[in-house]
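*Asks:* Starting off with a structure, shown below.
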Amino acid sequence: ASDYYFDNFGVWYQKPAVVDDWTDIVVNGDMEGTSAECFYLTEQGVGGPYLAPILEGVGKDGSKGIKVESYNNPAYSWDTQFFIRLPYKLPAGTKYKVSFDYKASNAGGFETQTHSEPGTYIHFSCIGSGNFSTEWKSYDGEGTISTDQSKEDKMMQTIAFNLGLNGKATKFYFDNVKFEVLADVAATLTPNPAS
């Protein structure tokens, strides 16, 4: 015969980490469709902003993409610009992820600005800066839209890329553009489609 003693029973459960659900809000970001509603250009000597043509064979791996051309000795780095115009106005505090593939015929840097509509400047920075090379590269970034970048009277909707930093005649190429926000936030955004 034996006596058994038990005390301090408990059950422990490890709650799995919450995985954020992200939604890409760019229309035709892989550029394989026909819509270019999220892409605009201003080109030195041409003007703009105007709807960007999506071209066969200029994208990554010979797919469709966008080509932007600059010329020698621009007066300003923003004389040539590529714009990603999102179909929603984004309030301050919106978290985002952004990615795209890019290359150029000459190496050089780019900087980004925050705009409402393409060409309507809000702030001198947006998603940061980077460098082009003559080989395809991928850009991946994330952040939160600040109160400097989106105001009640002029909300952020467009990323403007200033492409004239290298001062040389250059062809710039973009493909596979994504701009993601949290899915529950996407459902609350104010649509503002291109006119």
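*Asks:* Looking only at residues in region 169-194 that are in contact with a strand residue (DSSP E or B) (Cβ under 7 Å, 6 or more places away or on another chain) and assigned to a loop (DSSP other than H, G, I, E, B), which one is farthest from Glu56 (Cα to Cα)?
*Replies:* Our first condition is that a residue be in contact with a strand residue (DSSP E or B) (Cβ under 7 Å, 6 or more places away or on another chain); within region 169-194, this holds for 169-183, 186, 189-194.
Add one more test, that the residue is assigned to a loop (DSSP other than H, G, I, E, B), and what stays is 169, 189, 192-194.
On the way: Ala169: 22, Leu189: 33, Asn192: 28, Pro193: 25, Ala194: 23 Å.
Among them, the one singled out is Leu189.
Yes/no per residue for (1) over 16 Å from Trp78 (Cβ atoms); (2) assigned to a strand (DSSP E or B):
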| site | (1), (2) |
| --- | --- |
| Ser125 | no, no |
| Ser138 | yes, yes |
| Gly141 | yes, yes |
| Ser146 | yes, no |
| Lys151 | yes, no |
| Phe161 | no, yes |
| Gly164 | no, no |
| Gly167 | no, no |
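*Asks:* On the given criteria, is Lys151 at pLDDT 95 or above and open to solvent by 50 Å² or more (accessible area, probe 1.4 Å)? Spell out how you get there, then give the answer.
*Replies:* Values: at pLDDT 95 or above: no; open to solvent by 50 Å² or more (accessible area, probe 1.4 Å): yes.
So Lys151 fails the test.
*Asks:* Follow-up. Does Leu165 meet the test of being open to solvent by 20 Å² or more (accessible area, probe 1.4 Å), touching a Gly at 6+ places or on another chain (Cβ under 7 Å) and hydrophobic (A, V, I, L, M, F, W, C)? Working first, answer last.
*Replies:* Values: open to solvent by 20 Å² or more (accessible area, probe 1.4 Å): yes; touching a Gly at 6+ places or on another chain (Cβ under 7 Å): yes; hydrophobic (A, V, I, L, M, F, W, C): yes.
So Leu165 passes the test.
*Asks:* Among the residues of region 80-98, are any open to solvent by 20 Å² or more (accessible area, probe 1.4 Å), under 20 Å from Phe172 (Cα atoms) and either not in a loop (DSSP other than H, G, I, E, B) or not aliphatic (A, V, I, L, M) (or both)?
*Replies:* The answer is no; no qualifying residue exists.
*Asks:* Does at least one position in region 2-21 carry a residue that is at pLDDT 95 or above and either in contact with a Ser or Thr (Cβ under 6 Å, 6 or more places away or on another chain) or open to solvent by less than 90 Å² (accessible area, probe 1.4 Å) (or both)?
*Replies:* no
*Asks:* Same structure again: Please count how many residues of region 101-111 are surrounded by fewer than 22 Cβ atoms within 10 Å (Cβ to Cβ) and out of contact with any helix residue (DSSP H, G or I) (no Cβ under 7 Å at 6 or more places or on another chain). Give the steps one after another, and end with the answer.
*Replies:* Going residue by residue through region 101-111, those that are surrounded by fewer than 22 Cβ atoms within 10 Å (Cβ to Cβ) are 101, 103, 105-109, 111.
Keeping just the survivors that are out of contact with any helix residue (DSSP H, G or I) (no Cβ under 7 Å at 6 or more places or on another chain) gives 103, 105-109.
Of the residues in region 101-111, 6 are surrounded by fewer than 22 Cβ atoms within 10 Å (Cβ to Cβ) and out of contact with any helix residue (DSSP H, G or I) (no Cβ under 7 Å at 6 or more places or on another chain).
*Asks:* Something else now. Among the candidates Ser105, Ser129, Ser77, which residue alone is closer than 30 Å to Pro191 by Cα and among the small types (Gly, Ala, Ser)? Write out each step before concluding.
*Replies:* On the way: Ser105 fails: closer than 30 Å to Pro191 by Cα; Ser77 fails: closer than 30 Å to Pro191 by Cα.
Step by step, each of Ser105, Ser129, Ser77 is checked, and only Ser129 is closer than 30 Å to Pro191 by Cα and among the small types (Gly, Ala, Ser).
*Asks:* Pairs only if they're at least six apart or on different chains, beta carbon under 6 angstrom, first in region 140-153 and under 14 Å from Thr114 (Cα atoms), second open to solvent by less than 40 Å² (accessible area, probe 1.4 Å) and hydroxyl-bearing (Ser, Thr, Tyr); list them, first residue then second.
*Replies:* Pairs that qualify, where the first residue is under 14 Å from Thr114 (Cα atoms) and the partner is open to solvent by less than 40 Å² (accessible area, probe 1.4 Å) and hydroxyl-bearing (Ser, Thr, Tyr), are Ile145/Thr94; Gln149/Thr114.
*Asks:* Could you grab me the full set of residues in region 121-156 that are of a type in the set (A, V, I, L, M, F, W, C) and under 24 Å from Gly108 (Cα atoms)? Show your work before the answer.
*Replies:* Going residue by residue through region 121-156, those that are of a type in the set (A, V, I, L, M, F, W, C) are 122, 124, 126-127, 132, 136, 145, 155-156.
Once the filter is applied, which keeps residues that are of a type in the set (A, V, I, L, M, F, W, C) and under 24 Å from Gly108 (Cα atoms), region 121-156 yields Phe124, Cys126, Ile127, Phe132, Trp136.
*Asks:* While we're here: Quick one: in region 22-67, which of the residues that are assigned to a loop (DSSP other than H, G, I, E, B) and among the hydroxyl-bearing types (Ser, Thr, Tyr) is surrounded by the most Cβ atoms within 10 Å (Cβ to Cβ)? Explain how you work it out, then say what you get.
*Replies:* Our first condition is that a residue be assigned to a loop (DSSP other than H, G, I, E, B); within region 22-67, this holds for 25-38, 44-46, 52-54, 56-59, 63-64.
Right, trim to among the hydroxyl-bearing types (Ser, Thr, Tyr) and you get 34-35, 63.
Numbers: Thr34: 9, Ser35: 12, Ser63: 15.
The qualifying residue surrounded by the most Cβ atoms within 10 Å (Cβ to Cβ) is Ser63.
The values are calculated or read from the model by the stated rules, or taken from the named source; none is laboratory data. Computed from a predicted structure; not experimentally measured. Methodologically, a virtual Cβ is constructed for each residue, glycine included, from the backbone with ideal geometry; neighbour enumeration extends over all protein chains shown. Surface accessibility is based on the protein's heavy atoms, side chains included, excluding ligands, DNA and RNA. Shrake-Rupley method; radii C 1.70, N 1.55, O 1.52, S 1.80 Å.
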